[in-house]
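So the structure is just underneath, and the comments pick up after that.
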Amino acid sequence: MKKSIDISNHFCPQTLFVYGTTKEDGTPNFGLFSWFSYYFDQEMGVMACIGDEKLTKDRIRTTKIFSASLVTEELLPMADYFGNTNGYTDDKMNIPIEVEKGRVLDVPVLAKSPWVYELEVDRSIVLDGGDVFLCKIRNVLVDDYVCDETLTVEQRMQRILPVQSIRQTYFNWDGTSPGDWGEPMKGIKGEEND
């Protein structure tokens, strides 16, 4: 039997992406986001919604370009740190991180992410408390094994191991939880997050 409940995103599994932008001084900035999906307008595009005010959103508004790196189980502690550390904090990016440049756009990407979009904002919709960016996909960077047609989709997913979020809790590909928001990042910057 079904019942009506309050409107929320308490059971909307969301795949996680780390958005990469470049700060005014040319250094990389990353933030963790989950309101990410796809649309079609003569070609496949990406729609990304960002609520509240954040440095990542400021930089996307200014430059109109960003990257979206898929979060894997291996990348979760760093991604959790990016999502739980204010982007306006001067030393946020003072952590060990492997960054590469996009191949088509001047955007930073996470080197260890197996699937990365290079995105250019085509249109944006300003909402009360959030912005929706409709983006053209200018390039997709993937690890070699993702394109290996001798592997089944299931085998590739078992290597990628994407992470999802539901109700402020992270979930691994096998359905187990590595912790709530703010837990996997412990240890990224030493004792201050413990």
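Applying the selection to the stretch 1-40, what residues are under 26 Å from ILE97 (Cβ atoms), open to solvent by 50 Å² or more (accessible area, probe 1.4 Å) and not hydroxyl-bearing (Ser, Thr, Tyr)?
Listed by number, the residues that qualify are GLU24, ASP25, TRP35.
Out of the residues in the stretch 143-165 that are within 15 Å of the chain's Cα centre (by Cα) and outside any helix (DSSP H, G or I), which is surrounded by the most Cβ atoms within 10 Å (Cβ to Cβ)?
Our first condition is that a residue be within 15 Å of the chain's Cα centre (by Cα); within the stretch 143-165, this holds for 160-165.
The next check asks that each one be outside any helix (DSSP H, G or I); those that pass are 161-165.
Values: LEU161: 17, PRO162: 19, VAL163: 23, GLN164: 17, SER165: 21.
Among residues in the stretch 143-165 that are within 15 Å of the chain's Cα centre (by Cα) and outside any helix (DSSP H, G or I), the one surrounded by the most Cβ atoms within 10 Å (Cβ to Cβ) is VAL163.
Within the stretch 95-104, restricting attention to residues that are assigned to a loop (DSSP other than H, G, I, E, B) and aliphatic (A, V, I, L, M), which residue is most open to solvent (accessible area, probe 1.4 Å)? Can you show your working first?
Quick first cut of the stretch 95-104, residues assigned to a loop (DSSP other than H, G, I, E, B) only: 95-98, 102-104.
Keeping just the survivors that are aliphatic (A, V, I, L, M) gives 95, 97, 104.
Working: ILE95: 20, ILE97: 43, VAL104: 87 Å².
Checking each candidate, the answer is VAL104.
Please indicate, with yes or no, whether at least one residue in the stretch 74-86 is under 22 Å from TYR170 (Cβ atoms), without any contact (Cβ under 8 Å) to a residue 24 or more places away in the chain and either touching a Cys at 6+ places or on another chain (Cβ under 8 Å) or not in a loop (DSSP other than H, G, I, E, B) (or both).
Looking through the stretch 74-86, none of the residues is under 22 Å from TYR170 (Cβ atoms), without any contact (Cβ under 8 Å) to a residue 24 or more places away in the chain and either touching a Cys at 6+ places or on another chain (Cβ under 8 Å) or not in a loop (DSSP other than H, G, I, E, B) (or both).
In the stretch 110-123, what count of residues is obtained for those that are surrounded by 16 or more Cβ atoms within 10 Å (Cβ to Cβ) and in a strand (DSSP E or B)? Full working, then the answer.
Applying the first criterion (surrounded by 16 or more Cβ atoms within 10 Å (Cβ to Cβ)) to the stretch 110-123 yields 110, 113-121.
Still in the list and also in a strand (DSSP E or B): 110, 115-121.
Final tally of qualifying residues: 8.
What number goes with the only condition from (1) of a type in the set (A, V, I, L, M, F, W, C); (2) within 14 Å of the chain's Cα centre (by Cα); (3) under 30 Å from THR176 (Cα atoms) that LEU119 does not pass?
(3)
Report yes if GLU43 is out of contact with any Ser or Thr (no Cβ under 8 Å at 6 or more places or on another chain), acidic (Asp, Glu) and exposed (fewer than 15 other Cβ atoms within 10 Å of the Cβ), otherwise no. Show your work before the answer.
Values: out of contact with any Ser or Thr (no Cβ under 8 Å at 6 or more places or on another chain): yes; acidic (Asp, Glu): yes; exposed (fewer than 15 other Cβ atoms within 10 Å of the Cβ): yes.
Here the answer is yes, as GLU43 does meet what is asked.
Would you check if there is a residue in the stretch 80-94 being among the hydroxyl-bearing types (Ser, Thr, Tyr), open to solvent by 20 Å² or more (accessible area, probe 1.4 Å) and touching a Leu at 6+ places or on another chain (Cβ under 8 Å)? Lay out the reasoning, then the answer.
Within the stretch 80-94, the subset among the hydroxyl-bearing types (Ser, Thr, Tyr) is 81, 85, 88-89.
Still in the running and open to solvent by 20 Å² or more (accessible area, probe 1.4 Å): 85, 88-89.
If we keep only those that are touching a Leu at 6+ places or on another chain (Cβ under 8 Å) too, we end up with 88.
Within the stretch 80-94, one or more residues are among the hydroxyl-bearing types (Ser, Thr, Tyr), open to solvent by 20 Å² or more (accessible area, probe 1.4 Å) and touching a Leu at 6+ places or on another chain (Cβ under 8 Å).
Return the total of residues in the stretch 46-55 being closer than 27 Å to ASP90 by Cβ and open to solvent by 40 Å² or more (accessible area, probe 1.4 Å).
3
Looking at (1) on the phi < 0 side of the Ramachandran plot; (2) touching a residue at least 60 places away in the same chain (Cβ under 8 Å); (3) surrounded by fewer than 13 Cβ atoms within 10 Å (Cβ to Cβ), which is the one condition that is false for VAL107?
(3)
Can you tell me which residue among LEU70, LEU75, LEU55 is modelled with pLDDT of 95 or more, under 20 Å from LYS136 (Cα atoms) and not polar (S, T, N, Q)? Give the derivation first.
Working: LEU75 fails: under 20 Å from LYS136 (Cα atoms); LEU55 fails: under 20 Å from LYS136 (Cα atoms).
Of the residues listed, the single one that is modelled with pLDDT of 95 or more, under 20 Å from LYS136 (Cα atoms) and not polar (S, T, N, Q) is LEU70.
Only one of (1) open to solvent by 20 Å² or more (accessible area, probe 1.4 Å); (2) part of a loop (DSSP other than H, G, I, E, B) is not met by ASP58, so which one is it?
(2) is the only condition that ASP58 fails.
The values are calculated or read from the model by the stated rules, or taken from the named source; none is laboratory data. Keep in mind that this is a model prediction, so the values were computed, not measured. Using ideal geometry, Cβ is built from the backbone for each residue, glycine included, and neighbour counts are taken over all protein chains shown. These accessible areas exclude ligands, DNA and RNA; they are computed on the full protein's heavy atoms, side chains included. Shrake-Rupley method; radii C 1.70, N 1.55, O 1.52, S 1.80 Å.
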